[in-house]
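Below: one structure, written as structure tokens.
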Number of protein chains: 2
Amino acid sequence: MAKDNKPRRPKAETPKGFRDYFGTDVTERNAMLATIAEVYHRYGFDPLETPAVETVEALGKFLPDVDRPNEGVFAWQEEDSGWLALRYDMTAPLARVAAQYRNDLPSPYRRFTMGPVWRNEKPGPGRYRQFYQCDADTVGSASVAADAEICAMLADTLEAVGIARGDYIVRVNNRKVLNGVMEVAGLAGDDKEAERGIVLRAIDKLDRLGPEGVRALLGKGRKDESGDFTKGAELSAEQVDIVMTFVEAPKSVLDRMEGYWTAADQAEQGRQYFKDVAHALSLERGAGRARGESHTPGSARVKNTFTLSYLAEIVRGSDQGLAGVEELKEMSNLLGSGGYAADQIVIDPSVVRGLGYYTGPVYEAELTFEILDEKGNKRQFGSVAGGGRYDDLVERFTGQKVPATGVSIGVDRLLAALREKGRIGTAAEGPVIVTVMDRDRMADYLAMASELRAAGIRAEVYLGNPKNFGNQLKYADKRASPAAIIQGSDEAARGVVQIKDLILGAKIAASASVEEWKSQPAQIEVPRADLVAQVRRILGQ
Amino acid sequence: MAKDNKPRRPKAETPKGFRDYFGTDVTERNAMLATIAEVYHRYGFDPLETPAVETVEALGKFLPDVDRPNEGVFAWQEEDSGWLALRYDMTAPLARVAAQYRNDLPSPYRRFTMGPVWRNEKPGPGRYRQFYQCDADTVGSASVAADAEICAMLADTLEAVGIARGDYIVRVNNRKVLNGVMEVAGLAGDDKEAERGIVLRAIDKLDRLGPEGVRALLGKGRKDESGDFTKGAELSAEQVDIVMTFVEAPKSVLDRMEGYWTAADQAEQGRQYFKDVAHALSLERGAGRARGESHTPGSARVKNTFTLSYLAEIVRGSDQGLAGVEELKEMSNLLGSGGYAADQIVIDPSVVRGLGYYTGPVYEAELTFEILDEKGNKRQFGSVAGGGRYDDLVERFTGQKVPATGVSIGVDRLLAALREKGRIGTAAEGPVIVTVMDRDRMADYLAMASELRAAGIRAEVYLGNPKNFGNQLKYADKRASPAAIIQGSDEAARGVVQIKDLILGAKIAASASVEEWKSQPAQIEVPRADLVAQVRRILGQ
């Protein structure tokens, strides 16, 4: 028999939907998370780290997003522990912790946590099955001051990591207002839960589908570009109108504010007030920013006042809706007093947040600067963080309602934004490479690297096969080394070392002819004792 | 029918063998890992982060420790991806990465990685199913300079995180020497693999079982205290003697050195040489350290010379064994030239390292200071890191041998050691608490916290139900707050705030009577404008 059944080799592959992070991908993320942790810590939040693994029972078996039934968790059964799963977010483990340690934790309990979560979703471009989340939550406070605090902290955090004011906006809404709209539209009651779910998710897609797309999803349904049909909520025309009045509130508010501006044109006292409004508007539209105007701290309240009165009209007749408007007003006041302006945090009725479990304020942070999408079209960078109040989540475990509110930052998206803005992504600092000319004098080379390191300089000895010196320089190039150290027996006898300035060398190589390059003007000889000082000079230290 | 089937509530429990980390547990670990990363980075190592999940195929299905068949991995089957598993160490994913990116990575590739690994083991006291590892490896270098570098870096790392010189020792051995001993004892050959495995694991247990226990495992087997019987390697008496000569080498070397000392007593020139030896010995035994003597950089080489000549005798006749002795000698020279002394890094034949895949140098770091065990007995803290050369691991994927060597630090053990040494574990810095006297003036309280934070002071507003003021102070106590800020409507009208110095308050409470406590001398009233300055004074800033 032929010997063709040799053992099959395992494939060296990251599992589908997972990825490896190298070098600066790791350090830049860690640096950003450390900055975020500093802000959170200063706000009184304490770190918490739960394990990657939870019981399926504690976690809840599926993601709360009911319209994507294919999504799920990575779960498996253990003989001694039953069904276990990888956490799919940081909120479910927090609910477990809040219940498990309820007698020991301070109340309210402010905590932050950073780490990977896992989703058993179909992977796609930019869609991974393991990604980082960075969450901050306050458990045990029913006050909207807790929600306002998280929104303020979110704005501070974005500025701390390097997103300039004007490049982001934190938008705030309240689920009770939404519930009020549902009530007015005749969609209250347990039997209408499915419809409400469809409505929520339709509103959440406003950005992507536009008003007509949302309108279709509220009615019969919608066929997308690929021809796939999404079933609608089958609301009546009147119901659709009520919901759309709400959905298009931001636009209506702007129209109304401009109307007031004209009407009040004569009255001198009104003039200043509406100038503020117009200023807020122009900021909102970017025109003011483009003219280099600075913000007016009061303008958020002015704009919010318009929005709130408009919302109060829509939900008239619904106690819950009016309570939501009141909560939004209180948040607006607290944030206004805190000095947050309309270009930082603003009330925006189009914010829904997909997750079913939110019960009060909801908020999200959007980056407003433009990037080019895959097709080369300009578009806003979009959402990088979101959250809200979820007063019912801990109740699953204890039977007692525990009010809670919190935000989750999409770490990878925020990193991508910082890269886009040029805040990170500069070249990695490579080590100085001590090359090996004589295998027998390895101890001398190690001593050189050791001296450089003692001076705080990143350095290493070439540890590959030293026979081919060209390979050593290629290696230095691949490592983006700023300098290579060379000492053959001749140099050793004379008590000197050669230092190749690879930064300068690269510049010469980029601009000069091969002949010039060969003359190697970027290489100098110095006494061995001057090694560290000379390398320092090359590094510009 | 009775309505007794209400939905069962999920248990709020961390899964068996897993744990939650709170507050300083998280920050202290992160700080230690950041210090380690700094050392590794300076040595030219680059960060790498692989996903928690790997294909079972890439990972290898089971841990290489074959004597614990109950140990394993957490694995599950996915429809689209086949069998997936949580990584059980950092070496298997590195082998996968080295194979997968072999055309893109520099060679040699120095990388470090830090993160959790998962073991599907029976949990026990101090034994968790998720724990942190921190690894550094050099892939693609066959030179023992790479091994020496890792040992040097390990010593530097321990000192950098706060383990003082003299409180640790890095012990080095070489598998080839061990294989030489096996050869001499007639245990070479593929058919003796099982016996060799038992011998390796028996030697590895020398610390715990003593020479008699090891001897039993080499022979018929051993019954432990619980009555459980472990089957032995069933070696002949002669074979057992050969292996034991090796196992007891450190003791024999010391005896022999003392013998030389006496013999050389007359010769004046020999005197200084053997004084060095005696000094190394006394350091080894702690006596020198107890007398406050400092190290002698040369002594490691002196002691290593004795050890190496002894080992060369044992493996005489085995080429592989002698090659191992040569490698050890080269490492000893490189480390000696690097200035590492016998109280930092030393050759020690009793180091085996359990894992089967090591092929050359093996090393481990032990902390030598004493702690009290559960029974109140003194014992050495023990091992915190270990590693070695594994030239065959990448070959699984590519068919090509890729030499590699690396170390893994047990993060939790090292943290425990730092705690033991008082390097970490000081009280957490609690936030200043702004209490809430008037619910209506929440904006004022938020402004106070915001001012404090802007001055770099950790601060928060009490966000629980403010009705019971006592609860607010209890909360401040639980948070270990240094100060509480109080402003009722009266104080607000007068433009002042009350500041309660909780650090001073705690001191008074600990030493004074209740009456004195009630007079609250630790509470002062200052103008509202002086809030930040006064809190700074209390914090000693």
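The values are calculated or read from the model by the stated rules, or taken from the named source; none is laboratory data. A quick note: this is a predicted structure, and the numbers were derived from the prediction, not measured. Here the Cβ positions follow ideal geometry from the backbone for every residue, glycine too, while neighbour counts run over all protein chains shown. Just the protein is used for accessible areas: all its heavy atoms, side chains included, with ligands, DNA and RNA removed. Shrake-Rupley method; radii C 1.70, N 1.55, O 1.52, S 1.80 Å.
What the table below lists for this structure:
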item: Amide H within-cut-off set for A:Asn174, under 5 Å, with H built and near neighbours excluded; result: A:Val362
item: B from A by rotation - nearest chain A beta carbon to the axis, in Å; result: A:Trp76, 2
item: Reach of B:Lys16 by Cα under 19 Å, taken over aspartates and glutamates that are not fewer than 8 positions away in the same chain; result: A:Glu49, A:Glu54, A:Glu57, A:Glu78, A:Glu79, A:Asp80, B:Glu71, B:Glu121, B:Asp412
item: Of all accessible heavy-atom area on the range B:68-113, the percent that carbon and sulfur account for (1.4 Å); result: 40 percent
item: Residue-averaged beta-carbon neighbours from other chains (10 angstrom radius) around A:128-139; result: 1
item: Interface burial for B against A (accessible surface, 1.4 Å probe, total of both chains, Å², rounded to 100); result: 7700 Å²
item: Accessible area per residue, Å², the range A:351-500 with all protein chains present, probe 1.4 Å; result: 40 Å²
item: Shielding by partners, peptide A:450-460 (average Cβ within 10 angstrom, other chains); result: 3
item: Burial order of peptide ranges A:369-381, B:237-249 (average beta-carbon count within 10 Å, highest first); result: B:237-249, A:369-381
item: HN-Hα J in Hz across the range B:9-22 - Karplus 6.51, -1.76, 1.60, θ = phi - 60°, x for Gly and Pro; result: 7, x, 7, 8, 9, 4, x, 3, x, 10, 8, 9, 10, 10
item: Proximal aspartates and glutamates relative to A:Lys223, as straight alpha-carbon distance under 14 Å, when same-chain residues fewer than 8 apart are discounted; result: A:Glu212
item: Aspartates and glutamates whose Cα lies under 13 Å from that of A:Lys421, excluding same-chain neighbours fewer than 8 positions away; result: A:Glu159, A:Asp167, A:Glu370
item: Teacher prompt: A:Lys401 distances to equivalent labels in other copies, 7 Å Cα→Cβ, nm; result: 7.1
item: Pairwise centroid distance, computed over Cα atoms, of the range A:75-111 with the range A:173-227, Å; result: 32 Å
item: Shape box of the range B:393-541 [Cα atoms, principal axes, largest first, Å]; result: 82, 37, 29
item: Simple Cβ-charge dipole of the range B:48-185, Lys/Arg +1 and Asp/Glu -1, about Cα centre, in debye nearest 20; result: 320 debye
item: Karplus-derived 3J(HN,Hα), 6.51/-1.76/1.60, for each residue of the range B:467-479, Hz, glycine and proline x; result: 3, 8, 5, x, 4, 5, 6, 4, 4, 4, 5, 4, 7
item: Kirkwood hydrodynamic radius (C-alpha pairs) into Stokes-Einstein, the range B:391-474, 37 °C and 0.692 mPa s, D in µm²/s; result: 182 µm²/s
item: Average beta carbon contacts from partner chains per residue of A:104-111, 10 Å cutoff; result: 4
item: Square roots of 5 times each gyration tensor eigenvalue, C-alpha, the range B:79-200, largest first, Å; result: 26, 24, 21
item: Rounded accessible area per residue of the range A:159-212, 1.4 Å, Å²; result: 41 Å²
item: Cα-based Rg and Dmax for the range A:98-154, where Dmax is the largest Cα-Cα distance (Å); result: 15.4, 45
item: Shape category assigned to the range A:138-256 from the gyration tensor of Cα positions, a/c cut at 1.5; result: prolate
item: Out-of-range pairs (alpha-carbon distance over 26 Å; input B:Lys122/B:Lys176; A:Lys478/B:Lys401; B:Lys251/B:Lys329; A:Lys478/B:Lys329; A:Lys176/B:Lys11; B:Lys192/B:Lys220); result: B:Lys122/B:Lys176; A:Lys478/B:Lys329; A:Lys176/B:Lys11
